[in-house]
Every structure is written in C-alpha cells, then in structure tokens.
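Here's the structure we're looking at; comments come further down.
What follows is calculated from the coordinates using simple rules that are stated; it is not laboratory data. Keep in mind that what you see is a predicted model, and the values were worked out from it rather than measured. Glycine gets a Cβ as well: all are built from the backbone with ideal geometry, and neighbour counts include every protein chain shown.
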Amino acid sequence: QVQLVESGGGLVQAGDSLSLSCAASERTLRNWFMGWFRQAPGKEREFVSGFTWSAATYSADSVKDRFTISIDNAKNTVYLQMNSLKAEDTAVYFCAARSGGAVSDRRAYAYWGQGTQVTVSS
C-alpha cells in the first residue's frame, strides 16, 4: 500500500551539496512519520534524519549540522538536503515510514523505498 521512491543520488566531490527526494502519496504523508536512513557497504543501516511525532526534526550527530530533512506537502515529497558532504557520507540512502516508535529506531519503520546511491569522492 505504501510506496516510497527515492531519487537524486549521484557522484559528487567532498564539500559539495546534494538534495535527495522521496516521493510518496498524500495519504502516506498524512498518516505516517518519515525518516531517512543510509547503509554503507559492510555496515548496518543507520539513522540519518527524521520527523518526530510532534513534527519536529531530529538528526544523527554525524550529520545534524550539515543535513536537513524537510517536506513539501503540495508536491507529496520528503527531502534530505545534504551540505558539506564528506567521503564517509557515501552510502545508499533510503526513505522510510513508521506509525510509531522512536524516530531513530530502524525497527520502528514498516515501509522502505528502494534506495538511491550517494558517492562522495575525496
């Protein structure tokens, strides 16, 4: 029922900026809380940024001063604006939806997009 489609990934240089998009339905954005995760080769999928139950944003310490999650309800799209990218940001980025639980808890998310690759060269 819930379909999430990420886009916007690509190859960039360290220090560059990139914006990722997650397209969803109006119904999904009204009834679910959205978040972004990433997974590098050989590593666990980790939390990046997401919306809390009160609609505030919360980000991992590693990205909180550089990444910003936002939503455009008119376009039914969730964004992840990434600035000052580093080589260690290289990963597949996923958007996901949860109905409850902690914003940073991977296990709380019931639906996931297919992922989009972000590669940062140093």
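Structure summary
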read-out	value
The chain: calculated mean residue ellipticity at 222 nm from DSSP helix runs of at least 4, using -39500 (n - 2.57)	-1000 deg cm²/dmol
Scattering curve values for the stretch 1-55, log₁₀ I(q)/I(0), Debye with Cα scatterers, q = 0.13, 0.17, 0.31 Å⁻¹	-0.44, -0.73, -1.29
Label point at W112 placed 7 Å out along Cα→Cβ; residues across the stretch 6-22 whose backbone nitrogen lies under 17 Å	6-7, 22
Residues of type aspartates and glutamates that K75 reaches as a straight line, Cα spacing below 19 Å, ignoring anything fewer than 8 places off in the same chain	E6, E26
Long-range amide H partners of K86 with built H, under 5 Å	G15
Estimated vicinal HN-Hα couplings, Hz - the stretch 27-33 in sequence order (Karplus 6.51, -1.76, 1.60; Gly, Pro = x)	4, 4, 5, 7, 10, 10, 9
Amide H within-cut-off set for F67, under 5 Å, with H built and near neighbours excluded	N83
Two-decimal log10 I(q)/I(0) for the chain, as the Debye equation yields it once each C-alpha is a single scatterer, q = 0.10, 0.17 Å⁻¹	-0.26, -0.77
Trypsin sites (Lys or Arg not before Pro) restricted to DSSP loop in the stretch 24-72 with at most 12 other C-beta within 10 Å	K43
Size of charge dipole - the chain - debye, nearest 20, with Cβ of Lys, Arg +1 and Asp, Glu -1, no other charges	280
Relative contact order %, the chain, counting alpha carbon pairs below 8 Å whose residues are six or more apart	36
The stretch 12-20 - phi-based ³J(HN,Hα) in whole Hz, Karplus 6.51/-1.76/1.60, Gly and Pro as x	9, 9, 3, x, 6, 10, 8, 10, 9
Residues whose placed amide H lies under 5 Å from that of S25, excluding near-sequence neighbours	Q3
Cross-link partners of K86 among lysines (Cα-Cα below 19 Å; sequence separation of 8 or more within a chain)	K43, K64
